[in-house]
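Nothing in this text is a laboratory measurement; each read-out follows from the coordinates by a stated rule. Computed from a prediction, not measured in an experiment: that's the story for all the values here. Here the Cβ is made from the backbone with ideal geometry for all residues, glycine too, and neighbour counts use every protein chain on show.
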Amino acid sequence: MVELTGACFWYWDGLYSFLDSCNVPRSMQRKYPRETYNKYTFMRALLGDIDQAGNSELINSIASGFFRLKGPIDRDNLDEKKAKKLLDEFRATIGDDPIEAEILKRERDRAKVVREQSITNQREQAKRLESINAEFLALVSTSDITPQQRGFKLEQLFFQLLHLSDIEHTKPYRTQDGEQIDGHFRYEKFDYLVEIKWTQDPAKQPELSIFDGKIRGKAQSTRGFFVSANGFDDVAIQKYSGDSPRMILMTGEDLALVLSGRIHFADAMKAKVDSIVRRGRILFPVREITI
């Protein structure tokens, strides 16, 4: 770069402008006055100071500036062929534009960090899902709690699943007129009221009728999501399918497949929504995705 300085610049103003474009501080440039230094000794001293300061980015910036030069700046006063020959040799020696190479390196480093963070997040999510699943399996096997306690615990596990799936949700609440809602979540611009039951028998028509009334008392964009650990009565399913359905059903089997990691909740939700929209089918078994 010392030799290139003399070969490419005749006037000092041109050299100063070049160094400005390379982000070399004016104070550093003026440290070596033109009255005392020629262009060769000036550049040698300047590069020495930058190197001693350990500022590799500034060295790369100057190298990049020379890499992009097509010929001497002051052609009328310099040997153009010699300058171009030196520039070609310089480019051949360093291989790539240092700035572009650094940008590519940083992009690769950032991509690596993002990739590693993604892997870490996936592992953490898998562990949290395993923990929720273990609680669910324990809940299935235990017999020393009341049905009400079992239903309340299932409710907690379901909202842990929504949180893990990054789905916006609200835990159980009461409306202004005292109506009990087991919770709410938002999926693809629709609001879903939640109903969660763990009864000894499959949920029957009266239970779906009460929930349907809650849904239809809300905005048109509101749907219902009914979780029943022991499934649903076939008559009830038939009753609320096909005629402008606004309710999606999830069984304990569906939930078990999601919690065991065999299918993501988002994929299960997508399949269930597609089923209700395209076929009016309010109960789409998640096992059909995994077959």
So Lys270 and Trp10, fully extended at 0.36 nm per residue minus their Cα-Cα distance, gain in nm 86.7 nm
Expressed in Å to one decimal, the Kirkwood Rh of segment 1-143 from all distinct alpha-carbon pairs is 18.8
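Filter the trypsin sites (Lys or Arg not before Pro) in segment 225-264 down to the DSSP loop ones having no more than 14 other Cβ atoms within 10 Å, then list what survives. Please list the in-between numbers first.
Working: sites: Lys239, Arg246, Arg262; in loops: Arg246, Arg262.
In loop regions of segment 225-264 (DSSP not H, G, I, E or B), the sparsely surrounded trypsin sites (Lys or Arg not before Pro) are Arg262.
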Here, trypsin sites (Lys or Arg not before Pro) of segment 175-228 satisfying both criteria (DSSP loop; at most 12 other Cβ within 10 Å) are Lys189
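Using a Förster distance of 25 Å, how high is the FRET efficiency between Arg68 and Arg108, based on the Cβ-Cβ distance and rounded to 0.05? Please report the intermediate quantities before stating the final value.
On the way: r = 22 Å, r/R0 = 0.89.
After rounding to 0.05, the efficiency reads 0.65.
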For the chain, averaging the sequence separation of alpha carbon pairs under 8 Å that lie six or more residues apart and dividing by its residue count, the contact order in percent is 11
Given a Förster distance of 30 Å, the FRET efficiency implied by the Cβ-Cβ spacing of Lys239 and Lys127, rounded to the nearest 0.05, works out to 0.15
About its Cα centre, segment 117-290 carries a charge dipole, from +1 on Lys and Arg Cβ atoms and -1 on Asp and Glu Cβ atoms, whose size in debye to the nearest 20 is 360
For the pair Thr93 and Lys31, the simple spin-label estimate (label points 7 Å beyond Cα toward Cβ) gives in nm 2.2
Rounded to the nearest Å, the spacing of the alpha-carbon centers of segment 109-162 and segment 5-42 is 64
Per-residue ellipticity at 222 nm attributable to helices in the chain (runs of n ≥ 4 DSSP H, -39500 (n - 2.57) apiece, nearest 500 deg cm²/dmol) works out to -18500 deg cm²/dmol
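Rg(Cα) of segment 117-290 divided by 2.2 N^0.38 Å?
Working: Rg = 15.7 Å, N = 174, 2.2 N^0.38 = 15.6 Å.
Working it through for segment 117-290, the quotient is 1.01.
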Burial-style ranking of 249-258, 3-12, average other-beta-carbon count within 10 Å with highest first, yields 249-258, 3-12
Square roots of five times the C-alpha gyration tensor eigenvalues of the chain, ordered largest first and given in whole Å, equal 74, 20, 18
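Distance check, please: which entries in Lys171/Lys270; Lys127/Lys171; Lys189/Lys218; Lys85/Lys105 exceed 19 angstrom between their Cα atoms?
Details: Lys171/Lys270 22 Å; Lys127/Lys171 23 Å; Lys189/Lys218 15 Å; Lys85/Lys105 29 Å.
Over 19 Å apart, Cα to Cα: Lys171/Lys270; Lys127/Lys171; Lys85/Lys105.
Report the FRET efficiency, 1/(1 + (r/R0)^6), for Ser260 and Ile210, where r is their Cβ-Cβ distance and R0 is 35 Å, rounded to 0.05. Intermediate results must be reported in sequence, preceding the final value.
Values: r = 31 Å, r/R0 = 0.88.
Step by step, r from the Cβ atoms, then E = 0.70.
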